[in-house]
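Written out below as structure tokens is the structure these notes cover.
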Amino acid sequence: MALGMHNVKSAKGSRSERKRVGRGLGSTGTYSGRGGKGQTARSGVSGLRRLGLKRTILAQPKMRGFTSLERKPEVVNLAALAAHFDGKTEVTIAAMKAAGVVRQSAKHVKILGSGELTKALTVKGCSVSEGAKQKIEAAGGKIV
């Protein structure tokens, strides 16, 4: 027999025939080589296992409560208003943006009562806490 590429064979035992699973109960037993029930017994599991699906799901933060899509109001203390505005001035959101008291993106502003107020300010278009309301009115200002 002449040697040549047409009659070269693999070494004995180096190649085995693949297991043909999923061809009925008789192929390799009851579960056909796939083990028990569940995720790993299903087709397409190799990709999910590679991603570490279970670990990925468990690592996700669990949702608790509710987050409003509306942004929370920006908070301003009376001390900041006293520093940036003169007496008898009308304090609006636009005026606070111009003075640099709140961010330019602010849509809602709430005024809190921290700090002292000696100037009479007129507050317009803002939410005001009870403590701030008392201090503004005590200083001769008003809330519209």
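Using a 7 Å offset from the Cα along the Cα-to-Cβ direction at both V75 and A41, what is the distance between the two label points in nm, to one decimal?
5.6 nm
Can you return the lysines within cross-link range of K124? Criterion is Cα-Cα under 22 Å, with same-chain partners fewer than 8 residues away left out.
Output for K124: K72, K88, K97, K107, K110, K133, K135, K142.
By a straight-distance test (C-alpha under 17 Å), which aspartates and glutamates pair with K119 as possible cross-link partners, with residues fewer than eight away in the same chain excluded?
Counting by Cα, and skipping residues close in sequence, K119 has these aspartates and glutamates nearby: D86, E90, E137.
Decide, for segment 68-144, between rounded, prolate and oblate: order the square roots of the alpha carbon gyration tensor eigenvalues as a ≥ b ≥ c, take rounded if a/c falls under 1.5, and otherwise choose prolate if a/b is larger than b/c, else oblate. Walk me through the numbers before you get to the answer.
Values: a/c = 1.91, a/b = 1.46, b/c = 1.31.
Prolate.
Using each residue's phi in segment 117-133, evaluate 6.51 cos²θ - 1.76 cosθ + 1.60 at θ = phi - 60° and report the 3J(HN,Hα) Karplus result to the nearest Hz, with x for Gly and Pro.
Once rounded to whole Hz, the list reads 10, 10, 9, 7, 10, 9, 9, 10, x, 10, 7, 9, 6, 4, x, 5, 4.
Under 5 Å between amide hydrogens, which residues at least 5 positions from A120 or on another chain qualify, with H placed 1.01 Å from N in the peptide plane?
Distant-sequence amide H within range of A120: K88.
Determine the relative contact order of segment 92-144: mean sequence separation of Cα pairs under 8 Å and six or more apart, normalised by residue count, in whole percent.
Relative contact order comes out at 35 percent.
Under a plain spin-label model, where a point goes 7 Å from the Cα along Cα-to-Cβ, how far apart in nm are E137 and R18?
Distance between label points: 8.3 nm.
How much length would be gained if the chain were fully extended between M5 and A106, taking 0.36 nm per residue of separation minus their Cα-Cα distance, in nm to one decimal?
28.4 nm
Where a number appears in this text, it was derived from the coordinates with a stated rule and is not lab data. Keep in mind that this is a model prediction, so the values were computed, not measured. Heads up, the Cβs are rebuilt from the backbone with ideal geometry, glycines too, and the neighbour counts pull from every protein chain shown.
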